[in-house]
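Asker: Take this structure, written in structure tokens, and hold onto it; I'll ask about it next.
The values are calculated or read from the model by the stated rules, or taken from the named source; none is laboratory data. Not measured: the values here are computed from a predicted model. Here the Cβ is made from the backbone with ideal geometry for all residues, glycine too, and neighbour counts use every protein chain on show. Ligands, DNA and RNA are stripped out before the accessible areas are found, and what is left, the full protein with its side chains, is counted by its heavy atoms. Shrake-Rupley method; radii C 1.70, N 1.55, O 1.52, S 1.80 Å.
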Amino acid sequence: MPESAVKSSASRPGGATALLHRLPQAPEQILTLLATVLDSTADPIHVKDAEGRYVLINRRAEELVGVASTHVQGRTVHDIVAANIAERSQQDDLAVMRSGEPNDSEWQIPMDGKPRIFDVRKAPWRDGDGRILGVVTVGRDVTDRREAEQRAFAAERQRAMGLLAAGVAHDLRNLLQIALGRVELGAQLVEGDPVLGPQLRTAAEALEHAAELSARLGALGGSVGSRRPLDVRRVLRRSLDALDSTGDRIVVVSRLETPVPSVLGDDVELGRAYLNLVENALEAMADGGTLTVAARVERGQVVTEVADTGPGMDAGTLSRAFEPFFTTKAERGTGLGLAVVQRVVADHGGRVEIWSRPGQGTRVTVELPTV
């Protein structure tokens, strides 16, 4: 291609600039059009001059910083936001103006007590002769997308671990049954022996406990049992009844009086899930507290809650609560309870969420579709 053709092509404006040059409207109308486009987007956009002073800020950016554009124009980022954010923004602006090239980065900005993730692109603002006049910044809130990606990754990882665990559990159960049979036979042969009898009974109890843990491990792999219309309130009540007496240290508050629609479910699987939730709540209140179970209807879904007044969880622990084998109970925990709950609820087309704060207890919410 001839060099003259390359230069001619490069000098011609492209993108939106080329289109605007072709519009027949007067400059005032074009400015109105641009302002409408900028204020219609859900992305925050602002422009700063070479000295770092705001020249333009759209409506979404106003909402994020909480300052009207009339109070922003002519001021610098240090006048608007926290010092650490302002310093990073200024350094990024200077880098773009020095290089003359766009810069892409990820930002975490605190909003309403929770960090939001933004993909941010900064690009040089040039005049018609190519001279850099400042920096144009466009952000995009990708928090929901990133969280969805993390959930999908966690679900896939749990599925893979579940399939592996289910295979191991199947073989382990077969071996345990053989061992348990031999121990029980031995106990019968030495019945009445003051030494061997108790020892073999203790060994049998340990093997039974191991078999139970193996069954819980196998539950991570998922299974499709018989499904029929169920009243989840009955399943919850049965989970409460299956527990040993909580004594005076635990107050149980049951809010299961209001009828709710039936869900299509596996009675055994859902019973196991709710029993895990109730057991977790009780274990979290070793020094006593209040256990609350409730059922209601929201948005066409049957919603159940199991809440405790225990110590709660910090953000780091909460983010790993559904991970298989993750536990804060040291030798007392297997890290399978909540992982099994999540798998069972997902198999029933529902979802489970946990709310928890240090010192404020924990609330697990299960949503299931109605029949």
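Asker: Would you list W355, W107 from the most to the least accessible area, probe 1.4 Å?
Answerer: W355, W107
Asker: Sticking with this structure for a sec: Out of residues 5 or more away from T290 or on other chains, whose amide H comes under 5 Å of its own, with H placed 1.01 Å from N in the peptide plane?
Answerer: V251, T309
Asker: Give the calculated FRET efficiency between S40 and R255 to the nearest 0.05, with a Förster radius of 41 Å applied to their Cβ-Cβ distance.
Answerer: 0.35
Asker: When only DSSP loop residues count, what GluC sites (Glu not before Pro) in the range 40-132 have their Cβ near at most 15 other Cβ atoms within 10 Å?
Answerer: E51
Asker: Ok, one more. Suppose the chain between D127 and N174 were pulled fully straight at 0.36 nm per residue; how much longer would it get relative to their current alpha carbon spacing?
Answerer: The D127-N174 span can extend by a further 9.2 nm.
Asker: Just the accessible area per residue of the range 261-307, please: how many Å² with a 1.4 Å probe?
Answerer: 37
Asker: Compute the signed sum of charges (Lys and Arg +1, Asp and Glu -1) over the other residues within less than 14 Å, Cβ to Cβ, of E184.
Answerer: In short, -1.
Asker: From the phi angles alone, apply the Karplus equation (6.51, -1.76, 1.60; θ = phi - 60°) to the range 278-294 and give each ³J(HN,Hα) in whole Hz, x where the residue is Gly or Pro.
Answerer: 5, 4, 4, 4, 5, 5, 6, 10, 4, 9, x, x, 10, 9, 10, 10, 8
Asker: With each pseudo-label sitting 7 Å past Cα toward Cβ, what's the T202-N84 distance in nm, one decimal?
Answerer: 5.4
Asker: Now a separate question. Report the FRET efficiency, 1/(1 + (r/R0)^6), for R145 and E283, where r is their Cβ-Cβ distance and R0 is 45 Å, rounded to 0.05.
Answerer: 0.80
Asker: Ignoring everything but the protein chains, give the 1.4 Å probe accessible area of I132 in square angstrom, nearest 10.
Answerer: 60
Asker: A follow-up question, please. May I ask you to compute the full-extension gain from R237 to S99, defined as 0.36 nm times their residue separation minus their alpha-carbon distance, rounded to one decimal in nm?
Answerer: Extra length from R237 to S99 when fully extended: 43.0 nm.
Asker: Express in Å², to the nearest 10, the accessible area of R233 obtained by rolling a 1.4 Å probe over the protein heavy atoms while all chains stay in place.
Answerer: The accessible area comes out at roughly 30 Å².
Asker: Determine ³J(HN,Hα), in whole Hz, for all residues of the range 269-275 in sequence, where each value follows from phi through the Karplus function 6.51 cos²θ - 1.76 cosθ + 1.60 and θ = phi - 60°; x replaces Gly and Pro.
Answerer: Result, rounded to whole Hz: 5, 5, x, 5, 5, 5, 5.
Asker: Put F153, F322, F118 in order of accessible area, largest first, 1.4 Å probe: what do you get?
Answerer: Correct descending sequence by accessible area is F153, F322, F118.
Asker: What are the ³J(HN,Hα) values, in whole Hz, obtained from phi via the Karplus relation 6.51 cos²θ - 1.76 cosθ + 1.60 with θ = phi - 60°, for each residue of the range 342-354 in sequence order, with x given for Gly and Pro?
Answerer: After applying 6.51 cos²θ - 1.76 cosθ + 1.60, I find 4, 5, 4, 5, 4, 5, 9, x, x, 8, 10, 10, 10 Hz.
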